[in-house]
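Chemist: Supplied in structure tokens, the structure appears directly below.
The values are calculated or read from the model by the stated rules, or taken from the named source; none is laboratory data. Since the model is a prediction, treat every value here as computed from it, not as a measurement. Heads up, the Cβs are rebuilt from the backbone with ideal geometry, glycines too, and the neighbour counts pull from every protein chain shown.
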Amino acid sequence: MYYDSRCLSHENGPGHPESPQRVVAIRDRVEQADYGCRVRFVSPEPAASHELLRVHTAEYLEELERSSCRPHTVFDPDTSANEHSFLAARLAAGGALAAVRSVVAGDPAVPFVAMRPPGHHAEADHAMGFCLVNNVAVAAADALAAGLERVAIVDWDVHHGNGTEHIFAGSSEVLYVSLHQSPHYPGTGRSSDVGQGEGTGYTVNLPLPAGSGHREYSYAFKEAVLPVLERYQAQLLIVSAGFDVHERDPLAGIVLGASSISWMTARLREVAQRSAKGRIVHVLEGGYDMGGRADGVATLPPHWA
């Protein structure tokens, strides 16, 4: 588990749902679980500028860096920063980088990146939806730079990952598959959005209505997600793991239980074993009910612990 207490210093403002307690609750639940003694906690290095520049513009990174000099910076109505936020974002991206590098190097442990802020809404040139740096995009781009040719990102966060989709929309080297509530924030992720140019066909959006549960998600997995992944034969699978799909989450209307999250993880692990030498990384995205998010993470072993 990649975790660093420095990411707790990032604050969006009083009462904001993306709070430090999100990752504290996960850490505490894992430490208290019966498998906790088998989990190795790793503190990552912050992502470097050249690693962030693979997916973000220099102008935007300069804007983020300037926020380190101010006690409060507002990027949009949902997304703010304090003087510690840029470091926290670089650490979150660094956690995703380190996790991907470990599995690419052959480490048999299956990593979970329990860092914040989340990332999948962050666009190449601006912050959005609680997200500052697109952590999974930074990690995927690094894997490609290291020589991999096919990376798959499966995003089951209840909100569509607009930033991740847009960053890789023109590339066939990254398959982006998203299951998300629709209509819902941020209003993107139509099934007709399939990528562009060389990336046409490598974006797969599966919008699902509020009230969808295990029946709908398992059907989507069996009929779309798993067949697409089998055809693509990714060499690495990255999961944007948003626990706001949990039935108790206050910001969404999907009604999955922790057992369904474990089921999705097991199916993706099976795909990774067949095509990617078992290389799979889970990266925390959303999830705003403390107990529901921690319950969801706690059910993932033996798939990642």
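Chemist: So, residue 34, is that one out of contact with any Phe, Trp or Tyr (no Cβ under 9 Å at 6 or more places or on another chain), touching a residue at least 24 places away in the same chain (Cβ under 8 Å) and either surrounded by fewer than 18 Cβ atoms within 10 Å (Cβ to Cβ) or not in a helix (DSSP H, G or I) (or both) or not?
Modeler: No.
Chemist: Which of the following residues is in contact (Cβ under 8 Å) with a residue 60 or more places away in the chain, under 17 Å from residue 150 (Cβ atoms) and β-branched (Val, Ile, Thr): 228, 281, 271?
Modeler: On inspection, the qualifying residue turns out to be 281.
Chemist: Return the residues of segment 9-20 that are free of Cβ contacts under 8 Å to residues at least 40 places away in the same chain and under 18 Å from the mean Cα position of the chain (by Cα); say none if nothing qualifies.
Modeler: Passing the criteria: only 19.
Chemist: Just name the residue that is surrounded by the most Cβ atoms within 10 Å (Cβ to Cβ) out of those in segment 277-305 that are modelled with pLDDT of 95 or more and of a type in the set (Lys, Arg).
Modeler: It comes out as 279.
Chemist: Part of a strand (DSSP E or B) and touching a residue at least 12 places away in the same chain (Cβ under 8 Å): does that describe residue 237?
Modeler: So residue 237 fits the description; yes.
A quick yes/no check of all residues on (1) surrounded by 14 or more Cβ atoms within 10 Å (Cβ to Cβ); (2) under 22 Å from residue 5 (Cβ atoms):
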site	(1), (2)
30	yes, yes
49	no, no
56	yes, no
68	yes, yes
72	no, yes
83	yes, yes
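Chemist: Just give me the residues in segment 248-286 being assigned to a loop (DSSP other than H, G, I, E, B) and touching a strand residue (DSSP E or B) at 6+ places or on another chain (Cβ under 7 Å), in sequence order.
Modeler: 252, 253, 254, 276, 279, 285
Chemist: Out of the residues in segment 85-111 meeting the condition of being charged (D, E, K, R) and either surrounded by fewer than 24 Cβ atoms within 10 Å (Cβ to Cβ) or more than 16 Å from residue 125 (Cα to Cα) (or both), tell me which one is nearest to the chain's Cα centre (by Cα).
Modeler: That would be 101.
Chemist: Same structure, new question: Under 25 Å from residue 271 (Cα atoms), touching a residue at least 40 places away in the same chain (Cβ under 8 Å) and small (Gly, Ala, Ser) - does that describe any residue in segment 120-135?
Modeler: No, there is no match, as no residue in segment 120-135 is under 25 Å from residue 271 (Cα atoms), touching a residue at least 40 places away in the same chain (Cβ under 8 Å) and small (Gly, Ala, Ser).
Chemist: Looking at segment 234-270, which of its residues are within 15 Å of the chain's Cα centre (by Cα) and among the charged types (D, E, K, R)?
Modeler: 244
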